[in-house]
Amino acid sequence: PFNLNGEIAYVSMSMGIALYPHNGFHISSLIKNADIAMYKSKDTGKNKFTMFCHSMEEELSRNSLILEVLRHAIVNKEIYVKYQPQYNISSKKINGFLALMRINNSKLGNISPAEFIPIAEESGLITDLGEWILREACNFNRSLLDQGYTPYIVSVNISTVQMNHPGFVDMVDNILKETKLPPRYLELEITESTLVSSLFNATVLLSNLQDLGVRVSLDDFGTGYSSLNYLTTIPINTLKMDKSFIDNISKNDKDACIADAIIQLAHSIDVDVIAEGVEHEEQLIVLKQKKCDIVQGYIFSKPLLPSALMNLLVNEGQ
């Protein structure tokens with residue numbers, strides 16, 4: 001530590017190391033590879049050192065390619081939406097669906113959201129991509145209403161970058177007015193970590209969204225900070241139990257008890273519960289016993305293209 005006029009300052013560093021001749025024969029390539037390894041140190045926790053390996057360069061190269069794809073995804077029409085139905089356990093009918101962003105590029109093929117979403121967030125492109133999927137989802141839901149389908153709630157994931165972007169609430173309001181979708185049929189999903197990173201600002205923003213009439217869902221509950229305190233202050237309509245709690249719910253008594261506690265807690269503050277990642281009948285049986293409200297997962301349906309979802313709704317007489 002450094003003593004600066006009585007103030008103690010601590011300095012840490014992230015280091016990247018490249019070795020001659022394994023990681024390069026020239027100074028320029030060694031420095032470049034050490035730099036790549038240094039950023040890997042930053043990305044994986046900081047205040048550490050990382051030895052360069054060629055997989056880092058391959059990862060960086062692929063990330064650069066994906067970034068270029070994302071920059072032109074809307075114009076090139078390489079972005080599209082799939083919808084995963086959400087089923088009400090009591091009525092045994094679809095009551096809504098989650099809009100999921102997908103990218104298909106002519107060179108890279110289908111790119112996993114787990115791969116392109118972090119790149120989109122880091123680059124800031126998630127703002128434009130998020131606005132695109134929000135408009136697309138609202139237009140689709142509006143078209144279902146116009147065709148006489150039962151009203152459904154369409155859910156759209158919102159990232160921290162989008163929430164922190166100036167004019168976010170106005171953007172949502174403008175899209176609702178543009179698409180003429182009644183706000184009560186739109187639900188915005190935010191993650192627990194997004195919420196608690198700026199609790200005061202998030203609470204104000206979510207209150208503004210609810211003033212529009214938009215529903216708010218808290219996603220991945222139980223995997224972040226899980227401070228029960230904020231549940232009494234933030235305005236939410238739905239709480240989504242993370243898949244990690246569902247995986248062993250029929251095999252592990254502790255997981256079943258946690259799920260039961262989450263459901264009871266949510267119901268006590270008048271919030272619905274969605275269980276995501278439900279894949280087996282045994283899981284569904286337990287969730288019914290625990291009085292979970294809504295389930296989402298492969299046991300009912302994988303994410304579907306709009307036409308396939310509409311066929312499913314017709315077949316179910318909805």
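A few remarks follow.
- Test: residue in region 58-77 that is touching a strand residue (DSSP E or B) at 6+ places or on another chain (Cβ under 9 Å), among the polar types (S, T, N, Q) and farther than 30 Å from V11 by Cβ: yes
- Among (1) at positive phi; (2) open to solvent by less than 60 Å² (accessible area, probe 1.4 Å) - the single one K291 does not satisfy: (2)
- Selection within region 89-133: residues that are over 27 Å from S64 (Cβ atoms) and free of Cβ contacts under 8 Å to residues at least 60 places away in the same chain. The member of this set that is surrounded by the most Cβ atoms within 10 Å (Cβ to Cβ) is A99.
- Scope region 16-38; condition surrounded by fewer than 14 Cβ atoms within 10 Å (Cβ to Cβ) and in contact (Cβ under 8 Å) with a residue 24 or more places away in the chain; matching residues: L19
- Any hit, region 282-298, residues being in a loop (DSSP other than H, G, I, E, B), of a type outside the set (D, E, K, R) and farther than 19 Å from E187 by Cβ: yes
- Of the residues examined, D270 is not one that is open to solvent by 70 Å² or more (accessible area, probe 1.4 Å) and at pLDDT below 90.
- Complete set of residues in region 39-66 that are in a helix (DSSP H, G or I) and open to solvent by less than 40 Å² (accessible area, probe 1.4 Å): S41, M56, I66
- Test: residue in region 179-193 that is of a type in the set (A, V, I, L, M, F, W, C), part of a strand (DSSP E or B) and either at pLDDT below 80 or open to solvent by 40 Å² or more (accessible area, probe 1.4 Å) (or both): no
The values are calculated or read from the model by the stated rules, or taken from the named source; none is laboratory data. Computed from a prediction, not measured in an experiment: that's the story for all the values here. Cβ atoms come from the backbone with ideal geometry, glycine included; neighbour counts cover every protein chain shown. For the accessible areas, the whole protein counts, side chains as well, though only heavy atoms, and no ligand, DNA or RNA atoms are used. Shrake-Rupley method; radii C 1.70, N 1.55, O 1.52, S 1.80 Å.
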